[in-house]
1. Got a sec? What order do 132, 118, 127 fall in by accessible area at 1.4 Å, biggest, i.e. largest, first?
2. From the list [x] 50, 44, 31; [y] 56, 38, 31; [z] 78, 37, 29, can you say which value of Cα extents along the principal axes in Å was derived from the structure given?
3. What are the ³J(HN,Hα) couplings of the stretch 46-52, residue after residue, when phi is run through the Karplus curve with 6.51, -1.76, 1.60 and θ = phi - 60°? Round to Hz, x for glycine and proline.
4. Calculate the spin-label point distance for residue 51 paired with residue 127, positioning each point 7 Å from the Cα along the beta-carbon direction, and give it in nanometres.
5. Taking the full set of protein chains and a 1.4 angstrom probe, give the accessible area of residue 83 in square angstrom, rounded to the nearest 10.
6. For the pair residue 197 and residue 42, what calculated FRET efficiency results from E = 1/(1 + (r/R0)^6), where r is the Cβ-Cβ distance and R0 = 25 Å, to the nearest 0.05?
7. When ligands, DNA and RNA are left out and all protein chains stay put, how many square angstrom of accessible area per residue does the chain have with a 1.4 Å probe?
8. On the protein heavy atoms, probe 1.4 angstrom, tell me the percent of accessible surface of the chain carried by carbon and sulfur.
Amino acid sequence: MRTEDLIDALARDVKPVARHGIGLRLAGGIAIGGIGSVALVATMLGVRSDLDLALQSSTLWMKWSYTISLALLAFAATARLARPDSGRFGWLWLLATPVIALACYGAVELASTPRADWKAMWLGESWTSCPWNVLSLSAPIFAGLLWAFRRFAPTRLRAAGAAAGLASGAFAAMIYCIHCPEASAVFVLTWYSLGILLATAIGALLGPRLLRW
């Protein structure tokens, strides 16, 4: 049998993939994992008691603006890398835009604060636990994304794993906001980002093993 005939025979009964099938399946995995992360916050960390007041302040929305924008960009990167034809990585610079925006916000915040208070703003009261909490909350979401990837055919396994780790870390940081009372942009930029980077690094390490098909 000629190669062309073999390819035609293998592809003859293959159903076309729905236009938004990859995004919907990834969203489903994130939703399933997100429920687990919310449950962890509710049972182990606790939802902040003043959440209703926090919703009326700019601080919580600053944190959500950063984590949600980063999560959505990471989601788009994950969806692209889930395909075998993921293309080039020229679009990766977009992932830096939320970081740059928050860094500018933090610089303005520092400029209006006495230098003696900078260290307290940077470390807050939970800097030793914040990155690890974000990393822990990312685990159920990463597991949900692994479930989603079982239907995909990624070819850049390490990059796809890193993108899935980044997405899980960013979504976990978004959920962590309902617990964390820290109010400084430089705290969020440093310690939230460290937790997200740890999740990204673990995703990159596990990608070649767990995303193989």
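The values are calculated or read from the model by the stated rules, or taken from the named source; none is laboratory data. From a predicted model like this one, the values you see are computed outputs, not experimental measurements. Please note: Cβ atoms are built from the backbone with ideal geometry, for glycine as well, and neighbour counts cover all protein chains shown. For the accessible areas, the whole protein counts, side chains as well, though only heavy atoms, and no ligand, DNA or RNA atoms are used. Shrake-Rupley method; radii C 1.70, N 1.55, O 1.52, S 1.80 Å.
1. Working: 132 145, 118 80, 127 105 Å².
Descending accessible area places them as 132, 127, 118.
2. Derived directly from the coordinates: [z].
3. x, 7, 4, 5, 9, 4, 5
4. It is 2.8 nm.
5. The value for residue 83 is about 100 Å².
6. Values: r = 26 Å, r/R0 = 1.03.
After rounding to 0.05, the efficiency reads 0.45.
7. Working: 11960 Å² over 213 residues.
Each residue of the chain exposes 56 Å² on average to a 1.4 Å probe.
8. Numbers: 7920 of 11960 Å².
The nonpolar share, carbon plus sulfur, comes to 66 percent.
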